[in-house]
Amino acid sequence: MTQPLVVFDNVVKHFGSYLAVERMNLEIYKGEFVAIMGSSGCGKTTTLRMLAGLDKPSEGEIRLNGERINDLCSWERDTPLVWQNLALFPFLNVLENVEFGLRMRGMAKAERRKKALHWLERLDLAEFATRDISLLSGGQRQRVALARSLVTEPPILLLDEPLSALDAHLSVRMQGVLTGLQKDLGITFVYVTHSQSEAFAMADRVVIMSRGRVEQIGSPQEVFLEPHNRFVAEFVGGKNILCGTVAGFDDAGLVRFDSAQGQFQARLPEGKSVVPGEDVTVCVSAEHIDLTAQPKRHNRLACTVVGEEFIGSMVNIYLETRDGLELQVQKPHADYHRLGVNCGQEIFAEWDGVHGLILRGD
């Protein structure tokens with residue numbers, strides 16, 4: 001089996017009495033693009049800083065290429081970090097910024113200039129080599145920061161929300177630049193972000209964190225389609241949550257469960273089992289719910305339309321049951337117009353039992 005490039009082995013980080021990271025176990029392999037996601041204060045940036053050598057673990061061990069690096073200073077590791085604010089030197093021009101890391105390593109001027117110019121050319125920045133940093137656009141400064149980190153040809157690159165200050169259009173373009181570079185170079189990227197769209201578009205695997213704990217690790221598809229617990233389901237969005245008690249099993253192998261809103265069916269994720277009387281939490285994706293005046297399926301809820309939201313090619317329709325349960329339904333524009341729903345309208349939400357997923361961690 002391939003040895004992981006990076007290993008977090010029972011890593012804990014305290015800041016005084018505050019527990020920032022709790023027993024992290026994570027393996028990252030050569031050539032992977034791993035995104036760490038979570039809300040503010042979840043521990044994702046602290047995790048990145050420990051890998052970069054800016055913070056030291058309180059417990060546990062971090063290994064890079066099999067070597068324990070807990071006690072190595074940041075300049076003794078080959079783990080460059082692209083900061084959220086980019087941290088470019090305003091007193092150096094573009095070329096000098098890119099050369100800086102090579103200069104600190106003692107590389108001869110002619111050689112480091114050649115390498116720096118190569119990376120400026122690769123990132124379409126050659127024409128700006130002598131320009132002041134202050135005269136560049138946000139996207140150009142972003143690419144300078146990337147060139148400065150990549151010119152040393154590191155085995156791993158750390159990125160702390162590098163696209164957060166860019167407008168939406170430029171952010172999408174930079175996502176293409178990042179993924180193209182990562183695939184071409186075969187460098188391992190560890191990328192911290194608040195943005196689900198960024199992480200899901202670029203990463204091979206995503207790590208979801210909450211309050212210092214890793215909640216789930218998996219491919220974007222796995223995390224979105226089969227969240228492990230309620231936190232992940234609500235974090236990735238587009239999920240409706242039902243709580244109930246197992247009543248039994250039907251002939252198709254689906255679980256029947258009773259909730260405050262009635263009896264419904266759901267499927268079990270692989271490796272999980274339940275018994276009658278057990279409490280369960282079930283999620284149903286918004287795109288799997290249909291709206292109709294004449295329900296035909298076992299899983300149905302009488303609702304009132306309480307709002308609509310247009311999001312590009314899709315429409316979110318918000319519903320509420322008589323007892324206050326809120327639901328979200330997502331439909332393409334064509335389906336939405338065909339349905340002709342309006343705020344205040346009474347309608348049924350229905351779905352197939354196989355589209356209800358019993359969460360393994362709740």
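Of note:
So that you can scan it fast, the table gives a plain yes or no per residue for (1) modelled with pLDDT under 95; (2) part of a strand (DSSP E or B); (3) of a type in the set (Lys, Arg):
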position: Val11; (1), (2), (3): no, yes, no
position: Glu27; (1), (2), (3): no, yes, no
position: Thr46; (1), (2), (3): no, no, no
position: Trp75; (1), (2), (3): yes, no, no
position: Ala110; (1), (2), (3): yes, no, no
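- Given (1) part of a loop (DSSP other than H, G, I, E, B); (2) buried (at least 16 other Cβ atoms within 10 Å of the Cβ), index of the condition Gly324 fails: (2)
- Applying the criterion of being touching a strand residue (DSSP E or B) at 6+ places or on another chain (Cβ under 7 Å) and more than 17 Å from Asn25 (Cβ to Cβ) to the residues of the range 213-222, the residue that is surrounded by the most Cβ atoms within 10 Å (Cβ to Cβ) is Pro220.
- When the residues of the range 151-178 are filtered to those that are at pLDDT 85 or above and among the polar types (S, T, N, Q), the one that is nearest to the chain's Cα centre (by Cα) is Gln175.
- In the set Ile241, Ile187, only one residue is crowded, with 16+ Cβ neighbours inside 10 Å and outside the structural domain of Thr45 (by TED's automatic domain parsing); that residue is Ile241.
- Val274 vs. criteria of a type in the set (A, V, I, L, M, F, W, C), part of a loop (DSSP other than H, G, I, E, B), under 27 Å from Glu222 (Cα atoms) and not assigned by TED's automatic domain parsing to the domain that holds Ser197: yes
- Selection from the range 75-84 of residues that are touching a strand residue (DSSP E or B) at 6+ places or on another chain (Cβ under 9 Å) and of a type outside the set (A, V, I, L, M, F, W, C): Arg77, Asp78, Thr79, Pro80, Gln84
The values are calculated or read from the model by the stated rules, or taken from the named source; none is laboratory data. Note that the structure is a prediction, hence the values are computed from the model and not measured. All Cβ positions, glycine included, derive from the backbone under ideal geometry; neighbour counts span all protein chains shown.
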